[in-house]
Amino acid sequence: MNLKPTNLPLTVKDFDCERCGVCAGCGCACGYIAYFKGDKLVDLYGHPHDPNGIGSFCTKGLTLIQETPENPLRLTRALLRRGDSFEEAPSELISEWIRENLRGKVAVFLDRYTDLKDYASARELTEDVYSDSIHLPFRATSLRPQEWREQRIILSLECETVFSEVMSTRWLVDAFERSAHITAVSSRYGTTSAKANRRILVKPPLVVRFLEELADRIEGKERELLFKEDVETLAEGFSLVKESLILIGETLLRSPWKGNVLSALRRLRKKLRVNYTIVGNISPLKTGSLEDFLRELDSFDSLLLTGNPALFMNGEQLDALRKKPVLHLTLFPNLTSHSSELMIPTKLFSEREFYPFKNGFGFVAHSPRVLRSPEGALSLHELLSRCLDIEPSIEGCLSEIGLEEESVKTAEGGADIDLPLIEDWEGEFEIRELEEDKVYLVCDSTLVDEIGHWSVWTHDMEREQFAYMNEATIEKLGVGEELELGGVKLRVKKNNNIAEDVIFVPNSYEETQPFNPGVRPGLLLKNPALRVEEYR
């Protein structure tokens, strides 16, 4: 990070200290300035000289940094399960538990709020490291988000940036204001669709078909085109206009047709250098996937977990988890905590030196510590260092993606990773048949993620969990006020911003939320590692 406080303060509030940091609430890594009176945070602004946010700061970043430290639901002390209840665990008991239990076949699960130091420490502890990030062995982008505003033709495929990489939405809005022609093909309308000149609302396999038809058209292949007019218009535009961009949301990579999407994108890039960005929780460093983790759960002797992986477990998997020695590092006592033997309060990214690297924008950033953490709160890296003397260097991880630590610390807006672009990667993609006549369940993110539901303020944006469908789908399925999914019932809400033959359910709910608890994706989906699957 190369940010300093501004010459003139951005706040009019009384303060006596100011610190700069980088937000890791999403992959945008926006710089900010925090103002303090003593130890109390009194104001927070996006840093005007940061190239990623340029002075803007989204409500997600504001909420995480401002609200988490004072949230009364935050875990502030370690707790050990004794029978059906938990009791406070002193530091010596934590060290003893770790030395006795984190041995044999140990699995570590890393959520998005872990960083490069945590990743390096986990790899030192065990070969069985898993993540909720999608690993791609090639660059997930040919552009930084700031360059989106210069693009004249933009195709967005199941990509609503406001749901994942919040601040990158501003660059799409800038492109729109500069008269870019935006085509949005998606299973639900959101911010991107609202700014699009052409909106195509279709079920997910047809979104994939749109991209495949475009690749076929550019390659000159003869096939019957379902989206003939739009595909031919875009193919001509991409051929003539250098400033063109394809945005692909991670939802399509968490569907049965991940290989279809990446293969079509690679075919396009081999013919035309149209720019691309895969938007979402993407990692350039390899871990096992969420699907691998759930499939191999029974084989582990003990587990060290972050985030809320229990959100994606069915009843049988959750029972298996509860029978194992499980340590959970967490901000809030969620479903995974309630299913663990030992829960330890963790640090938010702003409360520690942090190296965010999980994004589709192809960079690794750095932030110094800005806030104080609760006494006893530990990052995964600090926990393993204190209890098991694990002190790995992040240089090895950085070298795998062509970076050095000093360049990451000094780069404005993060340092670009050195991986091949998708057209230069020669690996195999699995191509699957598109079943276009089915109804599909889309269990996906919204404005509120699972952390947001632990804040009264953000939970108010999405109080209850519904199964959303348009009028035609409700009539086709013959459902009334409720829909049964995975043996549980959800209230139905009509919404014509959802494509026909699509059931949309927000995936951030679980049974132990403090306000209006809902149903976890692990009970709703046959394969909870996906966000799209066939209904019934």
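Of all residues in the range 520-532, count the ones that are surrounded by 21 or more Cβ atoms within 10 Å (Cβ to Cβ) and either in contact with a Phe, Trp or Tyr (Cβ under 8 Å, 6 or more places away or on another chain) or in a loop (DSSP other than H, G, I, E, B) (or both). Walk me through it before giving the result.
First, the residues of the range 520-532 that are surrounded by 21 or more Cβ atoms within 10 Å (Cβ to Cβ): 520-522, 524-525, 528, 530-532.
Retained after the next criterion (residues that are either in contact with a Phe, Trp or Tyr (Cβ under 8 Å, 6 or more places away or on another chain) or in a loop (DSSP other than H, G, I, E, B) (or both)): 520-522, 525, 528, 530-532.
Looking only at that region, the number is 8.
What strands (runs of 3 or more DSSP E), lying completely within the range 413-507, carry at least 1 residues that are among the polar types (S, T, N, Q) and in the same structural domain as residue 192 (by TED's automatic domain parsing)?
Values: elements: 440-444, 467-469, 482-485, 488-494, 502-506.
No strands (runs of 3 or more DSSP E) qualify here.
Could you check, for the range 438-454, whether at least one of its residues is farther than 30 Å from residue 481 by Cβ and over 21 Å from the mean Cα position of the chain (by Cα)? Break it down into steps so the answer makes sense when it comes.
Taking the range 438-454 as the starting set, the residues that turn out to be farther than 30 Å from residue 481 by Cβ are 451.
Still in the list and also over 21 Å from the mean Cα position of the chain (by Cα): none.
Scanning the range 438-454 turns up no residue that is farther than 30 Å from residue 481 by Cβ and over 21 Å from the mean Cα position of the chain (by Cα).
Can you name the number of the only condition in (1) out of contact with any strand residue (DSSP E or B) (no Cβ under 7 Å at 6 or more places or on another chain); (2) part of a loop (DSSP other than H, G, I, E, B) that residue 371 fails?
Condition (1) is where residue 371 drops out.
Pairs, please: C-beta under 7 Å, at least 6 apart or cross-chain, first residue among the acidic types (Asp, Glu) and in the range 1-27, second part of a loop (DSSP other than H, G, I, E, B) and modelled with pLDDT under 95?
Here the result reads 18/5; 18/9, each pair linking the range 1-27 to a residue that is part of a loop (DSSP other than H, G, I, E, B) and modelled with pLDDT under 95.
Can you tell me which residues in the range 406-425 are more than 26 Å from residue 272 (Cα to Cα) and either among the polar types (S, T, N, Q) or touching a helix residue (DSSP H, G or I) at 6+ places or on another chain (Cβ under 6 Å) (or both)?
Going through the range 406-425, the residues more than 26 Å from residue 272 (Cα to Cα) turn out to be 406-415.
Matches in the range 406-425: 407, 410, 415.
Would you please list the contacts, defined by Cβ atoms under 6 Å and residues six or more apart or on different chains, that run from a residue in the range 521-535 that is under 10 Å from residue 486 (Cα atoms) and in contact (Cβ under 8 Å) with a residue 60 or more places away in the chain to a residue that is in a loop (DSSP other than H, G, I, E, B) and among the polar types (S, T, N, Q)?
521/507; 522/314
Would you mind finding the one in 52, 2 that is surrounded by fewer than 22 Cβ atoms within 10 Å (Cβ to Cβ), touching a helix residue (DSSP H, G or I) at 6+ places or on another chain (Cβ under 8 Å) and polar (S, T, N, Q)?
On the way: 52 fails: surrounded by fewer than 22 Cβ atoms within 10 Å (Cβ to Cβ).
Answer to the selection: 2.
Is one or more of the residues making up the range 256-279 surrounded by fewer than 24 Cβ atoms within 10 Å (Cβ to Cβ) and either within 23 Å of residue 485 (Cα to Cα) or not assigned by TED's automatic domain parsing to the domain that holds residue 162 (or both)?
Scanning the range 256-279 turns up at least one residue that is surrounded by fewer than 24 Cβ atoms within 10 Å (Cβ to Cβ) and either within 23 Å of residue 485 (Cα to Cα) or not assigned by TED's automatic domain parsing to the domain that holds residue 162 (or both).
In the range 368-400, how many residues are touching a Gly at 6+ places or on another chain (Cβ under 9 Å) and surrounded by fewer than 21 Cβ atoms within 10 Å (Cβ to Cβ)?
Of the range 368-400, the ones touching a Gly at 6+ places or on another chain (Cβ under 9 Å) are 368-371.
After this cut, where a residue has to be surrounded by fewer than 21 Cβ atoms within 10 Å (Cβ to Cβ) as well, the list is 368-369, 371.
Matching residues across the range 368-400 total 3.
Tell me which of these residue 39 doesn't satisfy, since it passes every other one: (1) farther than 30 Å from residue 312 by Cα; (2) at pLDDT 90 or above.
(2)
Is the range 228-246 home to any residue that is modelled with pLDDT of 95 or more, part of a loop (DSSP other than H, G, I, E, B) and touching a Pro at 6+ places or on another chain (Cβ under 7 Å)?
Looking for residues that are modelled with pLDDT of 95 or more, part of a loop (DSSP other than H, G, I, E, B) and touching a Pro at 6+ places or on another chain (Cβ under 7 Å), one finds none in the range 228-246, hence no.
Take the conditions assigned by TED's automatic domain parsing to the domain that holds residue 332 and assigned to a helix (DSSP H, G or I) and apply them to residue 406. Does it pass?
Considered against the rule, which asks whether it is assigned by TED's automatic domain parsing to the domain that holds residue 332 and assigned to a helix (DSSP H, G or I), residue 406 comes out as yes.
Sort out which residues of the range 304-350 are of a type in the set (Gly, Ala, Ser) and over 20 Å from the mean Cα position of the chain (by Cα), and write them in order of number. If you could, list the steps in order and put the result at the bottom.
Taking the range 304-350 as the starting set, the residues that turn out to be of a type in the set (Gly, Ala, Ser) are 307, 310, 315, 320, 337, 339-340, 350.
315, 320, 337, 339, 340, listed by residue number.
The values are calculated or read from the model by the stated rules, or taken from the named source; none is laboratory data. The model shown is predicted, which means the values in this text are computed figures rather than measured ones. Ideal geometry is used to build each Cβ from the backbone, glycine not excepted, and the neighbour counts take in all protein chains shown.
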